[in-house]
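The values are calculated or read from the model by the stated rules, or taken from the named source; none is laboratory data. Everything numeric in this text was worked out from a predicted model, so none of it was measured. Heads up, the Cβs are rebuilt from the backbone with ideal geometry, glycines too, and the neighbour counts pull from every protein chain shown.
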Amino acid sequence: MHARITGTGSYLPHLALSNTDLVKRGVDTSDEWIVERTGIRSRHIAEEGQMASDLAVEASLSAIAAAGISAEKIDLIILATSTPDYIFPSTACLLQSKLGISGAAAFDVQAVCSGFIYALTVAEKFIHSGSHRCALVVGTEVFSRILDWSDRGTCVLFGDGAGAVILEASEEPGILASALHADGAHHGILEVPGNVCDGKVVGLPFVKMDGPAVFKFAVKVLAEVAREVLDRAGMDDAALDWLIPHQANIRIIQSTAKKLGLAMDKVITTVDRHGNTSAASIPLALDVAVRDGRIKPGHTLMLEGVGGGFTWGAVVLKF
Ligand code: UT7
């Protein structure tokens with residue numbers, strides 16, 4: 001049994017903060033530096049009290065409508081986030097409750113910015129095994145909650161948002177190949193090294209990153225995993241209609257496209273408007289390009305991501 005994406009959806013909080021807005025709020029930076037080093041111009045920030053599950057429910061309803069199904073048909077929910085509503089229950093269970101459904105298996109996946117690639121790959125394996133037929137796969141983040149606004153090396157990079165897909169059992173091929181990897185030895189170059197113990201935060205509850213080390217690692221593994229997944233699919237890069245990479249930095253995206261021999265007009269980019277929305281960035285970019293008509297049924301897509309852990313992975317699929 002194959003697994004095909006039959007609907008996409010996304011949601012962004014209303015408040016958009018430009019680079020100049022960050023400067024006005026006291027961040028020691030400039031629009032010129034952020035645009036030149038990252039390609040980011042603006043990002044969306046959740047309202048006070050707006051949680052990852054609140055963004056996820058909007059994205060999910062939009063994906064459910066696009067797939068033309070009723071929510072009751074969903075028998076599996078896999079949600080990727082590093083900014084869950086609570087320690088427990090999972091944000092997937094909270095989303096299930098907000099969707100007004102019950103009974104479906106529901107769990108979170110934690111692979112930071114590769115989270116959606118991990119979640120989609122796991123969902124495909126459930127469907128391929130025949131145990132489940134209709135999955136809701138979501139990436140949702142409120143990264144603004146874990147930013148240290150006095151650390152200009154991280155706070156200008158991230159934003160909030162959610163993206164979702166419906167993945168259904170199908171006679172027609174959808175997901176053609178996938179590859180997932182991790183190397184925990186590199187956990188220290190991108191982390192939020194804190195937890196809650198005895199009612200207190202122990203360690204640091206903010207993103208801490210060695211930007212240049214992450215940059216180098218990302219460029220290397222994204223090129224490698226792209227080749228690996230194309231080999232697994234028995235394709236070469238000319239077969240791709242679109243590359244939808246994790247949206248962290250336009251320079252990382254350009255470098256990956258160059259290594260793949262893909263022109264930038266075959267790459268979907270939203271990093272300028274969304275910033276880095278971690279697990280949400282790939283399904284958000286996918287939904288933007290489906291809705292503006294660039295991605296059409298029958299197109300061949302590569303989705304790929306890299307993030308804290310370190311984790312990385314890629315999926316090739318027929319849309
Ligand atoms: O989802 C995966 C997670 N993240 C990523 O993929 C991010 C990967 N890394 C990057 O995108 C880049 O490394 C950054 C955009 C984070 C930083 O760019 P860079 O070109 O690697 O800069 P840098 O960290 O080497 O810093 C260069 C200079 C430093 O000043 P000095 O020491 O040369 O005087 C920084 O203090 O830029 C300074 N700087 C800033 N200046 C203005 C760092 N952040 C800022 C800022 N505004 N926001």
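For the list (1) surrounded by fewer than 19 Cβ atoms within 10 Å (Cβ to Cβ); (2) touching a Pro at 6+ places or on another chain (Cβ under 7 Å); (3) not aliphatic (A, V, I, L, M), I need the number of the one condition that Gly139 fails.
So Gly139 meets the others, but not (1).
Whether any residue in region 257-267 is within 18 Å of the chain's Cα centre (by Cα) and touching a residue at least 60 places away in the same chain (Cβ under 8 Å) is what I want to check.
Scanning region 257-267 turns up no residue that is within 18 Å of the chain's Cα centre (by Cα) and touching a residue at least 60 places away in the same chain (Cβ under 8 Å).
Give me the residue from region 61-115 that is assigned to a loop (DSSP other than H, G, I, E, B) and free of Cβ contacts under 8 Å to residues at least 12 places away in the same chain and, out of that set, nearest to the chain's Cα centre (by Cα).
Among those residues, the one meeting the criterion is Tyr86.
For region 247-293, which positions are modelled with pLDDT under 95, closer than 22 Å to Phe319 by Cα and either of a type in the set (Lys, Arg) or not in a helix (DSSP H, G or I) (or both)?
Within region 247-293, Gly261, Leu262 qualify.
Could you look through region 286-310, keep only residues that are small (Gly, Ala, Ser) and within 19 Å of the chain's Cα centre (by Cα), and pick out the one that is surrounded by the most Cβ atoms within 10 Å (Cβ to Cβ)?
My answer is Gly305.
Given the residues Leu167, Leu240, Leu204, Leu190, which is the only one that is within 16 Å of the ligand (Cβ to nearest atom) and of a type outside the set (Val, Ile, Thr)?
Leu190
What number goes with the only condition from (1) within 14 Å of the ligand (Cβ to nearest atom); (2) of a type outside the set (S, T, N, Q); (3) not assigned by TED's automatic domain parsing to the domain that holds Gly308 that Val219 does not pass?
(3)
Looking at Asp54, is it away from the ligand (no atom under 16 Å from the Cβ) and of a type in the set (D, E, K, R)?
Details: away from the ligand (no atom under 16 Å from the Cβ): yes; of a type in the set (D, E, K, R): yes.
In short, yes.
Residues that are without any contact (Cβ under 8 Å) to a residue 24 or more places away in the chain and charged (D, E, K, R): does region 153-161 have at least one?
no
Listed here are the residues, each with its yes/no results for (1) within 16 Å of the ligand (Cβ to nearest atom); (2) β-branched (Val, Ile, Thr); (3) surrounded by fewer than 16 Cβ atoms within 10 Å (Cβ to Cβ); (4) closer than 23 Å to Ala248 by Cα.
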residue	(1), (2), (3), (4)
Ala3	no, no, no, no
Gly7	no, no, no, no
Arg25	yes, no, yes, yes
Ser30	yes, no, yes, yes
Val35	yes, yes, yes, yes
Ile40	yes, yes, no, yes
His44	no, no, no, yes
